[in-house]
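Below is one structure, written out as structure tokens, with a few remarks after it.
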Amino acid sequence: MNMSDSKAKVLVSVAIALLGFGSVWYWRSSPAVTSVSSELSQPQTTPLNNFSQAFTLAGHSDSILAVAMSPDGHTLASVSGDKTIKLWNLDTGKEIRTLKGHSDWVNSVTFSSDGKTLVSASADRTIKLWNLDTGKEIRTLKGHLASVQSIAISADGSTLASGSWDQTIKLWKLATGKIIRTLKGDCDVVNTVAFSPNGQILASGNYFDNSINIWNVTTGKEIDTLRGHSQAVSSLTFSPDGKILISGSWDQTIKVWDFATETEINTFTGHTNKVLSIAISPDGQTLASSSWDKTIKLWNLSVGKQIGTLTGHTNRVWSIAFSPDGKTLVSGSFDKTIKIWHVASR
């Protein structure tokens, strides 16, 4: 049932007061260091569970909150509590440029499907579009009343979805920056959003009621709600064929859902603290998960078993991403570093 504007503003104000723009979801790290290095660390060549840690990127002065890979696999984008976005050349490990414009933590980042545009979302309640050739800001999208936690772009590149602490999801026309519609339904504080491969379905994960909402993108109607997690849903991803949806949660588990029947078919346990991010390999066979426990775990989706653990970060691992060819895994951490892992053998 729709609320009046006054009631909506009160609700948002209460949500913001409770969350404190970080008191629940984030804990501010120590003050920014005065000197950082953008150079590569010494490579570690010992394979670890079929992955080897290739190198570490350092340059941000605060926690890494999200990482994303370009469609061609040559460029990495990282966003941070230092309010910046950094672009890196993955072939050389060198920083390409730093994008500045947000006035608060940058929570999420993604590339357009053609690789020409970068999109970032921030606790400053805005979404920014950037020209990757020039590094210039194209436009700023405004409309959310609280921190924008997660963004996703449909596979055809036409639609941008944003999930916010204002308890709404907004769909935007990427080419123009215009709002298509706002999704409300029974969702609460939205942590994460993910499009199905065909772009017809959007999944969103909630903070307070630990549920996953399923939306019809064309109509904006809520189709179903998936329940099973006992704490906040932190990350969502669809398999490449769209047959399964995978969710990571603060309850330390990862759940696999049959999307046709919208039923839970498996639960992965192994992390000893909150699951913060999940990513699926392009072939749909391997799932990676990162956690507050400072580790990354690898799972064989076909047999539903853990196949490895990657260690090296010294603080919680907030975000992970696979390269388009599946041969590289990237992780960003609250230790202010990004680690690049290469597949040694499959």
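The values are calculated or read from the model by the stated rules, or taken from the named source; none is laboratory data. In this text the structure is predicted, and so the values were computed from the model without any measurement. Cβ: placed from backbone, ideal geometry, glycine included. Neighbour counts: every protein chain shown.
Key figures
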quantity	calculated
Unique residue being part of a strand (DSSP E or B), touching a residue at least 60 places away in the same chain (Cβ under 8 Å) and farther than 22 Å from Thr75 by Cβ when the list is Ile307, Ile320	Ile307
Positions within the range 112-125 being assigned to a strand (DSSP E or B) and either crowded, with 22+ Cβ neighbours inside 10 Å or in contact with a His (Cβ under 7 Å, 6 or more places away or on another chain) (or both), in sequence order	Leu118, Val119, Ser120, Ala121, Ser122
Subset of the range 330-346 that is at pLDDT below 95 and not in a strand (DSSP E or B) - its residue that is surrounded by the most Cβ atoms within 10 Å (Cβ to Cβ)	Ala344
Meets criteria (of a type in the set (Ser, Thr, Tyr) and closer than 27 Å to Gly220 by Cα) for Thr134	no
Output for the range 174-217, where each listed residue is over 20 Å from the mean Cα position of the chain (by Cα), farther than 18 Å from Phe259 by Cβ and not aliphatic (A, V, I, L, M)	Thr176, Gly177, Lys178, Arg181, Thr182, Lys184, Gly185, Asp186
Count - residues of the range 301-326 that are surrounded by fewer than 19 Cβ atoms within 10 Å (Cβ to Cβ), within 21 Å of the chain's Cα centre (by Cα) and either farther than 13 Å from Thr337 by Cβ or among the β-branched types (Val, Ile, Thr) (or both)	6
For Trp257: the one exception among (1) in contact (Cβ under 8 Å) with a residue 60 or more places away in the chain; (2) in a strand (DSSP E or B)	(1)
Check on Leu236, surrounded by 19 or more Cβ atoms within 10 Å (Cβ to Cβ), in contact (Cβ under 8 Å) with a residue 24 or more places away in the chain, of a type outside the set (Lys, Arg) and within 20 Å of Gly284 (Cα to Cα)	yes
